[in-house]
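Let me begin by presenting the structure, written as structure tokens, before commenting on it.
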Amino acid sequence: MQKKVLVVGSLNMDLVTELDKMPNVGETVLGSELRYIPGGKGANQACAVGKLGGSVKMLGCIGDDEFGRIQKEALSKSNVDVTNLKITNGHNTGAALIYIDSEGNNSIIVIPGANMECDIEYLKQKDLLFQESDIILLQMEIPYDAIYYAISRAKELNKIVILNPAPAPKEIPDETFNMIDYLTPNETELLKMIRGTSLEQDSMKKAARQLIEKGTKNVIVTLGERGALFTNAEDAIIYPVRKVKAKDTTAAGDSFVGAFAVALAEGKSNKEAIEFANLVSSVVVTKKGAQSSIPERSVIDKLAQELL
Ligand code: RIB
């Protein structure tokens, strides 16, 4: 039977524009049209789980406004159970300003808004969802104390914990590392977490190993066009990803994590789950936007067949 996924995290409206190149300090540049696309790391991951055929509920906060309503509807259409989202009066729905350059790279500014109201009290009110889920998936765009509470509650209940440490915190409490089954930083986040200066100096495998030594069971470093590095106490393996021409890397990491959770929920091995997640994110980067770029399961199954 398929395991149930609970995503605890952020929901944003992405305000996206494309530029030839990122502006320097003090420089004004022209962008293309402005597009409004549902995003937020939590919502993107939940969307990926839903679109890829997983059973998923989401906990998070939106404002009582148009952006919140659009986000809720979009997630619901992607098969995410949104009935437990909190609609707050105190803040507007979170937003993100996203610039995409001609290479498909992005820069993102997040304005958290209602996401900051995703607090411990709300999570305690929704304890039943923790109890009935098997995999708890978190990122770092809601208050840190709520994230650490959710992780410890999930572990108390013996659930599988996946933490996508994005945006990377300066530090994670020592006791939390022991409770994480899968930690999924990208290279920048990995570097920040080990307080390294460059990955030439601190080789990536060594860096991931440091997080294992802190108590995390498995670390998966997403490496963009180079694939993903899986590390645990026994192994350190790089899983390459198929080559594509990237148009927009927004939500590539989110869809990787969501896809990985779906595959685990289906009982796949770590290797199979990473290969599936690589395939999904290789499709996501060829499309524009966050949730708008996440494919349905049928697209991935067909592609997997073609690549056999
Ligand atoms: O990971 C991409 C996401 O980061 C965007 O959708 C944006 O909302 C920010 O949360």
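At-a-glance table
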| quantity | calculated |
| --- | --- |
| Any hit, the stretch 89-104, residues being over 28 Å from residue 130 (Cβ atoms) and free of Cβ contacts under 8 Å to residues at least 24 places away in the same chain | no |
| Per-region count, the stretch 281-299, residues within 14 Å of the ligand (Cβ to nearest atom) and hydrophobic (A, V, I, L, M, F, W, C) | 4 |
| The stretch 118-143 - residue that is within 16 Å of the ligand (Cβ to nearest atom) and over 14 Å from residue 56 (Cα atoms) and, of those, surrounded by the fewest Cβ atoms within 10 Å (Cβ to Cβ) | 143 |
| Any hit, the stretch 258-277, residues being among the hydroxyl-bearing types (Ser, Thr, Tyr), more than 22 Å from residue 107 (Cβ to Cβ) and away from the ligand (no atom under 16 Å from the Cβ) | yes |
| Tally of residues being touching a Leu at 6+ places or on another chain (Cβ under 7 Å) and either away from the ligand (no atom under 11 Å from the Cβ) or polar (S, T, N, Q) (or both) across the stretch 86-99 | 2 |
| Any chance residue 68 is on the phi > 0 side of the Ramachandran plot and away from the ligand (no atom under 13 Å from the Cβ) | no |
| Count of the stretch 215-240 residues which are in contact with a Pro (Cβ under 8 Å, 6 or more places away or on another chain) and within 15 Å of residue 164 (Cβ to Cβ) | 3 |
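Each reported figure results from applying straightforward, stated rules to the coordinates on display, with no laboratory input. Small disclaimer: the values here were computed from a predicted structure and weren't measured. A quick note on method: Cβ atoms are made from the backbone with ideal geometry, for glycine too, and the neighbour counts reach across all protein chains shown.
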